[in-house]
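**Student:** Dumping the structure here so I can ask a few things about it.
The values are calculated or read from the model by the stated rules, or taken from the named source; none is laboratory data. Source: prediction; values computed, not measured. All Cβ positions, glycine included, derive from the backbone under ideal geometry; neighbour counts span all protein chains shown. Heads up: the accessible areas ignore ligands, DNA and RNA and are worked out on the full protein's heavy atoms, side chains in. Shrake-Rupley method; radii C 1.70, N 1.55, O 1.52, S 1.80 Å.
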Amino acid sequence: MMILIAGLISGCASMFPGNVPRSSDISKQHAPNLTAPYNKPYKVRGVTYYPLRTAVGYREVGHASWYGSESGNRTAMGTHFVPHGLTAAHKTLPLPSRVRVTNLKNGRQVDVLVNDRGPFTKGRIIDLSRGAAQKIGLHGVDKVKIEHLNDRISQN
C-alpha cells in the first residue's frame, strides 16, 4: 500500500522544465511569478489574453462552470490537476491567485487556488474543479461572484 501511495505522490511532480512550482509549493507562495510563462500573454482560438499584473482588489460577477479530468492532467502552471481539489481556471488572473467564489443562487462560498487558464467558452468567467463546484452547489452553470483574497485565510 505504501508503495502505491508513494507512486501516486511522485506522479504529481511537474513534467515541465524550468521555473514551474510543484503543487505543494503553490500554497506557500504569496505573490505570483509574473515572469513565468503562464503569466505571459497567450493566444487561444485567435484571441490574445493578457494576464493581470496583480489581482489585489479584483472582483467580478459572471457565470461559472466546472471541469474535470477531461481537461487533461496538468494545469497551465504544469502542476497535477486534481478534480476533487479546490482549484479553478481563469483567463487573466495572475497564477497562482487565491479567490473566494460565491454562488449567487444559494450564497455558498469556497476559497480556491487559481492555477489554470480558461474557461474559453463565451459568457463564462471561471471554471471550478469538480470539488470546488460541489462545495458551493454548482451543478452546471451558475452566476457567481469572484473576490481576490489578498492572502486572507479561508473561513471554509
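**Student:** Can you give the % of DSSP beta bridges in region 54-115 that are antiparallel, to the nearest 5? Spell out each step's value before the answer.
**Tutor:** Values: 7 of 9 bridges.
Among the beta bridges of region 54-115, antiparallel pairing accounts for roughly 80 percent.
**Student:** Follow-up. Counting DSSP beta bridges with both partners in region 33-156, what percentage is antiparallel, nearest 5?
**Tutor:** Values: 23 of 31 bridges.
DSSP beta bridges in region 33-156 are roughly 75 percent antiparallel.
**Student:** Rank these residues by their accessible area, most exposed first, probe 1.4 Å: R45, R124, R108.
**Tutor:** Details: R45 190, R124 75, R108 110 Å².
In descending accessible area the options line up as R45, R108, R124.
**Student:** If you rank T92, T54, T102 by how much accessible surface each has, with a 1.4 Å probe, what is the order from largest down? Walk me through the numbers before you get to the answer.
**Tutor:** Values: T92 35, T54 80, T102 10 Å².
Ranked from most to least accessible, the order is T54, T92, T102.
**Student:** Something else: Sort out for me the Cα centre separation of region 33-61 from region 95-156, rounded to whole Å.
**Tutor:** After rounding, the separation between the Cα centres reads 17 Å.
**Student:** Right, next: Largest first, how would H90, H148, H63, H80 line up by accessible area (1.4 Å probe)?
**Tutor:** H63, H80, H148, H90
**Student:** R45 to A31: extension gain in nm, 0.36 nm per residue of separation minus the Cα-Cα distance? Before the final figure, lay out each step's value.
**Tutor:** Values: separation 14, 0.36 × 14 = 5.04 nm, distance 2.90 nm.
That works out to 2.1 nm of additional length.
**Student:** Quick one: net charge around N103, please, counting Lys, Arg +1 and Asp, Glu -1 for every other residue with C-beta under 10 Å from its C-beta. Numbers along the way, then the final one.
**Tutor:** Details: positive: K105, R108, K135, K143, K145; negative: D142.
Local charge sum for N103: +4.
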